[in-house]
């Protein structure tokens, strides 16, 4: 069990700050509750150093209603 299946989206929230889609993170519940690119890089590096594979998942189209708010 060395795989972390990371659900980056939850319900109607998109808490990931994307460099290519800057407005997506405005759909997080609150600005303080979002992952920066540095947060993601740090987590993946931490996991890799321990032999853990990180598999990020963004659910679509089921959780895209919040994207229309941007």
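Read-outs throughout are calculated quantities, based only on the coordinates presented, and are distinct from any laboratory measurement. From a predicted model like this one, the values you see are computed outputs, not experimental measurements. Virtual Cβ from ideal backbone geometry, glycine too; neighbours counted across all protein chains shown.
Of note:
- Segment residue 33..residue 8, full-extension length gain: 7.8 nm, with 0.36 nm per residue of separation and the alpha-carbon distance subtracted.
- Relative exposure of 4, 16, judged by other C-beta atoms within 10 Å (fewest first): 4, 16
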